[in-house]
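**Student:** Before I ask anything, here is the structure I am working with.
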Amino acid sequence: MPNLEHPAYPAADLLRLESLVPCRESQVSTLLSIFGERQHFSFPSIFIYGHTSSGKTYVMQTLLTTLQLPHVFVNCVEYFTSRLLLEEILIQLQSCSSGTEQTSPVHCDTLNDFVRLFKQAVVSQELQDQTIYIVLDRAEQLREMEANILPAFLRLQELTDRNVTVVLLSEIVWELFRPNVGCFEPFTMYFPDYSIGHLQKILSQNHPPEYSADFYAAYINILLGVFYMVCRDLKELRHLAALNFAKYCEPVVRGEANERDTRKLWKNIEPHLKKAMQTVYLREISSSQWERLQHDGGEPGQLKGLSAHTHVELPYYSKFLLIAAYLASYNPVRTDKRFFLKHHGKIRKTNFMKKHEKTSNHLLGPKPFPLDRLLAILYSIVDNRVAPTANIFSQITSLVTLQLLSMVGQNDQLDGPRYKCTVSLDFIRAIAR
């Protein structure tokens with residue numbers, strides 16, 4: 001039995017719409033009940049919010065296109081000024097009924113011009129007898145425009161005396177939109193994040209025709225088991241699924257396992273998914289480079305230009321401060337004279353080592369160090385003379401704020417602050433280069 005039912009729309013269109021928007025049937029059903037029939041006056045403004053990749057834009061585009069409702073769809077990031085936004089709405093509206101691309105320019109400088117031209121466009125396109133939907137994606141950009149733009153869109157139905165509904169799509173809540181002087185309150189609607197079951201169902205629909213649906217569903221289950229805790233973005237998960245599927249199929253292609261041999265397939269794909277986990281969202285390499293890496297069995301860091309996350313742009317002396325902090329955290333105090341003084345005198349050779357020094361300092365973790373030791377090492381590793389100015393001390397504070405250094409203890413200690421270096425050896429090597 002279909003989940004979507006509405007007497008004003010053909011059952012075939014509703015069935016097709018339901019297949020196109022899996023796991024969003026309840027939201028689409030609510031929207032259909034708000035829209036009503038084509039000639040009915042709908043709610044003047046609707047505010048839809050939810051996290052990124054929760055289906056807001058896709059559902060609205062699919063709903064309006066499948067049911068062939070007259071609509072205008074504008075991204076507020078692309079049309080970032082009020083003039084560009086209003087002109088784009090009018091241009092799309094002029095080609096709304098005819099279905100042909102409008103090439104004649106439209107000039108609209110003020111909101112009064114927009115209301116006048118909007119009325120003319122509705123009459124010329126013979127859209128008076130049905131609702132027009134104006135969808136503004138990334139609507140949070142409206143807050144950066146003139147103060148009258150957002151209130152005007154919220155009550156555009158009243159200003160134009162036409163059957164029009166404005167739909168705002170955003171990732172932030174309505175309370176961050178509401179002007180201080182008050183405005184018409186829209187109907188608010190929330191799109192929740194996809195659950196792991198929803199993601200499993202949606203991603204499993206993209207299975208390649210040469211493999212069975214159960215085989216691809218098992219692969220998606222493994223993928224979500226690895227990535228779901230760190231990534232809920234449907235677009236990113238779809239990208240990861242397409243990128244790593246060929247590696248998952250390798251034992252089947254070589255004849256070493258069948259589609260039901262889940263253990264062998266998991267053993268083959270596990271190390272490659274761990275590599276992919278290091279670069280989720282970063283897009284450090286292209287898909288072709290990643291596939292070449294998987295084929296060659298190399299490490300991600302072997303390609304030139306990779307591991308951008310191990311390099312960060314810092315001021316000149318901040319880089320030396322971070323290197324000095326790393327040296328102070330991982331070298332014992334008694335080695336400073338030998339490492340950082342040119343004329344340190346004769347050093348007596350001895351095989352005596354303390355018990356805890358037989359273990360690598362990298363395994364023991366960073367040790368706290370005082371500020372004066374950090375500055376002493378800094379002066380020894382910088383070629384030119386550095387004066388202990390306020391600029392140097394402010395850069396230390398900035399490194400703590402960036403969590404590259406951490407402060408140990410309280411600020412009111414009599415012997416001065418103590419710090420720890422929190423970055424890895426690879427990070428320091430990248431900065432040292």
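**Student:** Please identify the GluC sites (Glu not before Pro) of the stretch 1-64 that satisfy two criteria: DSSP loop assignment and at most 16 other Cβ atoms within 10 Å. Which are they?
**Tutor:** Glu5, Glu37
**Student:** Which FRET efficiency value, to the nearest 0.05, is calculated for His107 and Ser26 with the Förster distance at 35 angstrom and r the Cβ-Cβ distance?
**Tutor:** 0.25
**Student:** Looking at the stretch 184-290, which trypsin sites (Lys or Arg not before Pro) are DSSP coil and have at most 16 other C-beta atoms within 10 Å of their C-beta?
**Tutor:** Filter output for the stretch 184-290: Arg254, Arg260, Arg283.
**Student:** With the contact rule set at Cα under 8 Å and sequence spacing of 6 or more, what percent relative contact order holds for the chain?
**Tutor:** 13 percent
**Student:** Rounded to the nearest 0.05, what FRET efficiency is calculated for Glu126 and Ser19 with R0 set to 41 Å and r the Cβ-Cβ distance?
**Tutor:** The value I calculate is 0.80.
**Student:** Give me the number: length gained by fully extending Tyr281 to Arg116, i.e. 0.36 nm times residue separation minus the C-alpha to C-alpha distance, one decimal in nm.
**Tutor:** Taking Tyr281 through Arg116 to full extension adds about 54.9 nm, to one decimal.
**Student:** Express the relative contact order of the stretch 11-190 as a whole percentage, based on alpha carbon pairs under 8 Å and six or more residues apart in sequence.
**Tutor:** About 33 percent, as a whole number.
**Student:** In whole Hz, with x marking every Gly and Pro, tabulate ³J(HN,Hα) for the stretch 104-113 from phi via Karplus 6.51 cos²θ - 1.76 cosθ + 1.60, θ = phi - 60°.
**Tutor:** 5, x, 10, 10, 9, 8, 10, 5, 4, 4
**Student:** Do me a favour and compute the ellipsoid semi-axes for the stretch 162-287 from its Cα gyration tensor, root of five times each eigenvalue, largest one first, whole Å.
**Tutor:** Over the Cα atoms of the stretch 162-287, the ellipsoid semi-axes are 41, 16, 12 Å.
**Student:** Of all chymotrypsin sites (Phe, Trp or Tyr not before Pro) in the stretch 60-98, which ones are in loop regions per DSSP and have a Cβ with at most 14 other Cβ atoms within 10 Å?
**Tutor:** Listed in order of number, the matching sites are Phe80.
**Student:** Quick check: Cα centre of the stretch 13-69 to Cα centre of the stretch 156-188, how many Å?
**Tutor:** Each part reduced to its Cα centre gives a spacing of 17 Å.
**Student:** Out of Ile149, Ile392, Ile48, any idea which swings most in a Gaussian network model of the chain, alpha carbons joined below 10 Å?
**Tutor:** It is Ile392.
**Student:** Follow-up question, since we're still on this one. Please name whichever of Phe153, Ala387, Leu322 sits farthest to the positive end of the charge dipole of the chain, dipole taken about the Cα centre and charges placed at Cβ: Lys and Arg +1, Asp and Glu -1.
**Tutor:** Ala387
**Student:** Let me spell out the model: positive unit charges on the Cβ of Lys and Arg, negative unit charges on the Cβ of Asp and Glu, origin at the Cα centre of the chain. What dipole size does that give, in debye rounded to 20?
**Tutor:** 3560 debye
**Student:** Hey, another quick one. State the three equivalent ellipsoid semi-axes of the chain, derived from the C-alpha gyration tensor as the square roots of 5 times its eigenvalues, in descending order and whole Å.
**Tutor:** 57, 33, 18
**Student:** Need one word for the stretch 123-172: rounded, prolate or oblate. Basis is the Cα gyration tensor (sqrt eigenvalues a ≥ b ≥ c); a/c below 1.5 gives rounded, then a/b vs b/c decides.
**Tutor:** In terms of gyration-tensor shape, prolate.
**Student:** Sticking with this one: Lys and Arg at +1, Asp and Glu at -1: add these up for the other residues within a Cβ distance under 12 Å of Leu15 and post the number.
**Tutor:** Taking every Cβ under 12 Å from that of Leu15, the sum is -3.
**Student:** Something else about it: Give me the number: length gained by fully extending Val408 to Val181, i.e. 0.36 nm times residue separation minus the C-alpha to C-alpha distance, one decimal in nm.
**Tutor:** 77.0 nm
**Student:** Just to verify a number: FRET efficiency for Glu171 and Lys367, C-beta to C-beta distance, R0 = 41 Å, to 0.05?
**Tutor:** Calculated transfer efficiency: 0.45.
A short reminder: the numbers here are calculations on the coordinates, not readings from a lab. Only a predicted model underlies this, so the values are computations on that prediction, with no experimental measurement involved. Every residue, glycine as well, gets a Cβ built from its backbone with ideal geometry; the counts of neighbours run over all protein chains shown.
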